[in-house]
């Protein structure tokens, strides 16, 4: 089980770094906890994406399906992910493709959009940062005050 503070801590970081007027894509948003935390901080335009059928149903501001950077629609000003598993590199690639900022807190090494054959978490973070930097992004790393995987990569188009 993840740290119950993770969504609040990540929403705080997003609030400190980005304007609440942005249209936000919350990738692998699960039950919508991050979306709810962002809305409480003034982010009124948040859409959560999740591919798992257990979260299906008529829900406001939800997109049920796989987030793939090659086919996901335009229209977002910021893309974020809290422990997004296989969607982690899709977040970085979507941001690079559409020249928008991103914030991602990877939980594990599960590439699905890019070629990566390592297994060490630290190298995975370096790989993600290098993808963004190759697309002319300025990337910083921050940490969340939570237990478990707490490194966050934040990227802005140069």
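Can you find a residue in region 97-104 that is part of a helix (DSSP H, G or I) and within 12 Å of residue 79 (Cβ to Cβ)? Among the residues of region 97-104, at least one is part of a helix (DSSP H, G or I) and within 12 Å of residue 79 (Cβ to Cβ), which makes the answer yes.
Selection of region 69-95 for residues being in contact (Cβ under 8 Å) with a residue 60 or more places away in the chain and over 18 Å from residue 50 (Cβ atoms) yields 92, 95.
Scan region 142-158 residue by residue and report those that are assigned to a loop (DSSP other than H, G, I, E, B) and farther than 15 Å from residue 95 by Cα.
144, 145, 146, 147, 148, 149, 150
Entry remark, region 112-141: residues being part of a strand (DSSP E or B) and either at pLDDT below 95 or in contact with a helix residue (DSSP H, G or I) (Cβ under 6 Å, 6 or more places away or on another chain) (or both) number 1 in total.
Filtered by the rule that a residue be over 12 Å from the mean Cα position of the chain (by Cα) and surrounded by fewer than 20 Cβ atoms within 10 Å (Cβ to Cβ), region 85-99 gives 97, 98, 99. Scanning region 1-50 for residues that are within 13 Å of the chain's Cα centre (by Cα), more than 15 Å from residue 104 (Cα to Cα) and free of Cβ contacts under 8 Å to residues at least 24 places away in the same chain yields 46, 50. With respect to the conditions (1) modelled with pLDDT of 95 or more; (2) farther than 19 Å from residue 26 by Cα; (3) touching a helix residue (DSSP H, G or I) at 6+ places or on another chain (Cβ under 7 Å), residue 96 falls short on a single one, namely (2).
The values are calculated or read from the model by the stated rules, or taken from the named source; none is laboratory data. In this text, all values refer to a predicted model and were calculated from it rather than measured experimentally. Note that each Cβ is placed from the backbone with ideal geometry, even for glycine, and that neighbours are counted across all protein chains shown.
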